[in-house]
Amino acid sequence: MAFHCQRDSYASELLTEVVSCSPGQLETENGCKKEILYGFNVILKDTILFPEGGGQPDDRGLIGGVPVLRVTRYGQNAVHFLSSPLDIGAQVLVKVDWERRFDHMQQHSGQHLITAIADSLYGYKTTSWELGSQRSFIELNTPVMTPEQVYSIEKHVNQRIRECIPVIVRVITTDDPEFDMVRSRGLPDNHAGPVRVIDIRGIDANMCCGTHVSNLSDLQVIKILGAEKGKKNKTNLIFLTGERVLKYVDRSYNIEKSLTSLLKAGFEEHTEAVDKLQKSVKALQKANLTLLRDLAALTAQTFKSIADRGKVFSLHRKEGDSEFMNIIANEIGIEDTLVFLTVGDEKTSGLFLLSGPVKIVEQLGPRVCKMLDGKGAGKKGRFQGKANNMSQRREVQTMLNAFMDGSGVTEK
């Protein structure tokens, strides 16, 4: 069965009848978390909402004013998932999200055109493709493509768009002599009935279930962003078609303006300006690291010079790192001194280190780690790790002082 959306991809509304409505559920992803939505599976007498297939995502829209959250194909039927039920036998108006639909039409027809041109120019066959939310790609059975080949394909596809070549939808049967001549990656296992052919006149004829433009002029323009290494010795051709090209140019121009303002340089000088900025940052980071190392050594020596320094040394520094803490611990290196060091945010997360007599560190290390809500490990008089609750630092310090028989603490 060919749905109305396949017979007329430009139809934006359809009055039809509800055939069935049954409880169902839909698995969705909210960020990295999977969620189950409970709703209703609705089958209509006909539909203008395309169910996912042929590499093309499904449509969105409204049925009787109720938003459609997913459209899938089940046998010869399109199943629409809704959050609210519809009455069986009711006449309902179906509306398609036209912006999403037309975008999919442009990308899908653009894929057919690029595939045909890549094949005719270089014999590169399309093995798969993906219609992404921002950009799409075509997987070609070649390990590498030169920039000249990419440019040539882009040049030829845009020439065909300017020629306003018609795109015709035809239906043939599997016993038609033409069936074996039409380009195809194979029919689904559960396919039954006639076969739909998308014919770009004089360029390509391909079996496809998706929605397409009726003339290449509706593609507006195709921009091939580049070729990247794909899986299994293949190449991915990244492309944009139609409105996506305009949106891409708009985004790129706004980014260009922002960079011009931030870098105080024209767009021709952006790369050079960023390169200089990166070198400057690296030099500052190197100088800062040297200062931190010197500060760590000086801090340890200052503590060691105090006559009544006590048996616990505690220090927190927001800008420090693991190396900073280890230098202090190494420099102090007094067997009867317990060293408790932390770096990072004073209230949330950071790093910690406990060093000193081996048996004491073995006993107190896990306890300190637990109090700081952290994770860590230790050996040979060192226990260090990540702390997720640095606000407990003073409680840890009090515990360490008490353990060391109430000895005084030196705080920096």
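The values are calculated or read from the model by the stated rules, or taken from the named source; none is laboratory data. Every value quoted in this text rests on a predicted model; they were computed, and no experiment measured them. All Cβ positions, glycine included, derive from the backbone under ideal geometry; neighbour counts span all protein chains shown.
Only one entry of GLU139, GLU148 meets the criterion of being touching a Gly at 6+ places or on another chain (Cβ under 9 Å), acidic (Asp, Glu), at pLDDT 85 or above and within 27 Å of ALA227 (Cα to Cα), and that entry is GLU139.
Among the residues of segment 52-99, the ones that are in a strand (DSSP E or B), among the β-branched types (Val, Ile, Thr) and over 25 Å from the mean Cα position of the chain (by Cα) come to 6 in all.
Listed here are the residues, each with its yes/no results for (1) touching a Phe, Trp or Tyr at 6+ places or on another chain (Cβ under 7 Å); (2) over 24 Å from GLN220 (Cβ atoms); (3) surrounded by 14 or more Cβ atoms within 10 Å (Cβ to Cβ); (4) without any contact (Cβ under 8 Å) to a residue 40 or more places away in the chain.
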residue	(1), (2), (3), (4)
PRO67	no, yes, no, yes
HIS108	no, no, yes, no
ILE114	yes, no, yes, no
ILE117	no, no, yes, no
LEU131	no, no, yes, no
ILE138	yes, no, yes, no
ILE153	no, no, yes, no
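For the condition crowded, with 16+ Cβ neighbours inside 10 Å and either in contact (Cβ under 8 Å) with a residue 60 or more places away in the chain or more than 39 Å from the chain's Cα centre (by Cα) (or both), PHE324 does not qualify.
The set of residues from segment 344-370 being over 15 Å from VAL312 (Cβ atoms) and either surrounded by 17 or more Cβ atoms within 10 Å (Cβ to Cβ) or among the basic types (Lys, Arg) (or both) comprises GLY344, LYS347, GLY350, LEU351, LYS359, CYS369, LYS370.
Inspect all residues belonging to segment 240-258 and state whether any of them is in contact with a strand residue (DSSP E or B) (Cβ under 8 Å, 6 or more places away or on another chain), in a strand (DSSP E or B) and within 29 Å of GLU148 (Cβ to Cβ). Yes: segment 240-258 contains one or more residues that are in contact with a strand residue (DSSP E or B) (Cβ under 8 Å, 6 or more places away or on another chain), in a strand (DSSP E or B) and within 29 Å of GLU148 (Cβ to Cβ).
LEU315 meets each of the listed conditions (1) among the aliphatic types (A, V, I, L, M); (2) assigned by TED's automatic domain parsing to the domain that holds GLU395; (3) not in a strand (DSSP E or B) apart from (3).
Against the numbered list (1) at pLDDT 95 or above; (2) within 28 Å of TRP129 (Cα to Cα); (3) among the hydroxyl-bearing types (Ser, Thr, Tyr), THR28 comes up short only at (1). Just one residue in the set GLU362, GLU346, GLU319 is acidic (Asp, Glu) and farther than 23 Å from GLN285 by Cα; that residue is GLU362. Within segment 273-282, is there a residue that is loosely packed, with under 12 Cβ neighbours inside 10 Å and under 22 Å from MET399 (Cα atoms)? Taking every residue of segment 273-282 in turn, none turns out to be loosely packed, with under 12 Cβ neighbours inside 10 Å and under 22 Å from MET399 (Cα atoms).
The condition of being polar (S, T, N, Q) and in contact (Cβ under 8 Å) with a residue 40 or more places away in the chain holds for only one of THR299, THR337, that being THR299.
You will find that of LEU225, LEU246, LEU219, the residue that is touching a Gly at 6+ places or on another chain (Cβ under 8 Å), hydrophobic (A, V, I, L, M, F, W, C) and at pLDDT 95 or above is LEU219 and no other.
Within segment 108-165, being closer than 18 Å to ALA205 by Cα, over 26 Å from the mean Cα position of the chain (by Cα) and not in a helix (DSSP H, G or I) holds for GLY123, TYR124, LYS125, GLU163, CYS164, ILE165.
Name the residue, out of THR16, THR47, that is of a type in the set (S, T, N, Q), at pLDDT 95 or above, outside the structural domain of CYS209 (by TED's automatic domain parsing) and not in a strand (DSSP E or B). Within the list THR16, THR47, the selection yields THR47.
Matching residues to (1) aliphatic (A, V, I, L, M); (2) touching a strand residue (DSSP E or B) at 6+ places or on another chain (Cβ under 7 Å); (3) within 23 Å of ILE306 (Cα to Cα); (4) not in a strand (DSSP E or B):
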{"site": "ASP336", "(1), (2), (3), (4)": "no, no, yes, yes"}
{"site": "LEU341", "(1), (2), (3), (4)": "yes, yes, yes, no"}
{"site": "PHE383", "(1), (2), (3), (4)": "no, yes, no, no"}
{"site": "ASN401", "(1), (2), (3), (4)": "no, yes, yes, yes"}
{"site": "ASP405", "(1), (2), (3), (4)": "no, no, yes, yes"}
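Given the condition touching a Phe, Trp or Tyr at 6+ places or on another chain (Cβ under 6 Å), assigned by TED's automatic domain parsing to the domain that holds ASP119, closer than 19 Å to GLU139 by Cβ and touching a residue at least 40 places away in the same chain (Cβ under 8 Å), answer yes or no: does some residue in segment 204-218 qualify? No; the residues of segment 204-218 include none that is touching a Phe, Trp or Tyr at 6+ places or on another chain (Cβ under 6 Å), assigned by TED's automatic domain parsing to the domain that holds ASP119, closer than 19 Å to GLU139 by Cβ and touching a residue at least 40 places away in the same chain (Cβ under 8 Å).
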